[in-house]
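The values are calculated or read from the model by the stated rules, or taken from the named source; none is laboratory data. From a predicted model like this one, the values you see are computed outputs, not experimental measurements. When we count neighbours, we look across all protein chains shown, and the Cβ atoms used for this are built from the backbone with ideal geometry, even at glycine.
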Amino acid sequence: MGENKKYVIENGEHKGEVIVSWIITHSCPEKCAYCISPIKSKEIQSFEEHLKIQNQMINTGLTKCRYIGGEPFTVNHLVQLVKEASIRGVDTRISTNGILLTKEKLLFLRDYINSFAFPFESVDDKLNYNIRGTLSHREIVTDRIIMVKEITDAGVLINTCVHKENINSLYELGDYLQKLDVDHWKLRKFYSGSGRGAVPNKERFEISNEEFFDIVDLLKREYPKMQIDGRLPSKLQTRLMLSPQGELYRMIGENDDENRVYGNILTKKINIGAIYKKDKCN
């Protein structure tokens, strides 16, 4: 995999990282109770348009692309996009629930993917079913983590949404992740700001900031060899975000109306390196 360490700004060149989280689709085979994706949205569908967007970002400085969703693997040409980005030196990560991640896709991606991120909230299958509507989530994610480690050199990141229903069982999850040799665990407080599931289930899931940081601190002490990060929703998306429609934005607060929108990258030339430096994204 190549390296792309420079990005261009308006007054010359500047060395550094430019990271974009690309919500490539809202489509997903799961129906999570706290999902922040809208029920329906008009999305870019073609490989040509997706590649045009990706190339424009790379040309103006993209160094790390995080393909997120929805479920990114519902986009049939995702693996080809990842290949094209990697060939041009971009660090690539796919956030996936694992359902559509096959051995064949991993064999294709192994030379082009830097890391995978999997959602994992509990080792309790009943709790996973109540949240995701999938009884086999633990089994699927476990199988995919093992498969990723066997076939590729990609890193594995676990994302956990912390809420009322799983906050008291995170030690069991931590023990399980240790056995799977997971070294990076990201904890995120439940976000109720928008989406098909988050808003109506706010009362069911919401915890206080104090409760969240208390459990993060306890887990860091319990698992000192594991990199554990804990952030509030307002800190989740300080990096640049790209919507399924091609809108480039930055979430600067907990509410959707606080997004800073830069324009549609399909119809407007946008220098993401310049934006990144000016807005001090991270």
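Annotation for the range 67-78: at least one member residue is at negative phi, crowded, with 22+ Cβ neighbours inside 10 Å, part of a helix (DSSP H, G or I) and of a type in the set (Phe, Trp, Tyr). Residues that are assigned to a helix (DSSP H, G or I), surrounded by 18 or more Cβ atoms within 10 Å (Cβ to Cβ) and polar (S, T, N, Q) within the range 110-141 comprise just one, Asn128. Considering Asp124, Asp143, Asp181, the condition of being out of contact with any Phe, Trp or Tyr (no Cβ under 7 Å at 6 or more places or on another chain), on the phi > 0 side of the Ramachandran plot, touching a residue at least 12 places away in the same chain (Cβ under 8 Å) and of a type outside the set (Phe, Trp, Tyr) is satisfied by Asp181 alone. The set of residues in the range 33-66 being assigned to a loop (DSSP other than H, G, I, E, B), out of contact with any Pro (no Cβ under 8 Å at 6 or more places or on another chain) and surrounded by 15 or more Cβ atoms within 10 Å (Cβ to Cβ) consists of Ala33, Tyr34, Cys35, Ile36, Ser37, Thr60, Gly61, Leu62, Thr63. Each residue in the range 85-104 was checked for being surrounded by fewer than 18 Cβ atoms within 10 Å (Cβ to Cβ), in a helix (DSSP H, G or I) and of a type outside the set (Val, Ile, Thr), and 2 of them qualify.
Restricting attention to the range 181-198, does a residue exist that is more than 29 Å from His26 (Cβ to Cβ) and either at pLDDT 95 or above or not in a helix (DSSP H, G or I) (or both)? Looking for residues that are more than 29 Å from His26 (Cβ to Cβ) and either at pLDDT 95 or above or not in a helix (DSSP H, G or I) (or both), one finds at least one in the range 181-198, hence yes.
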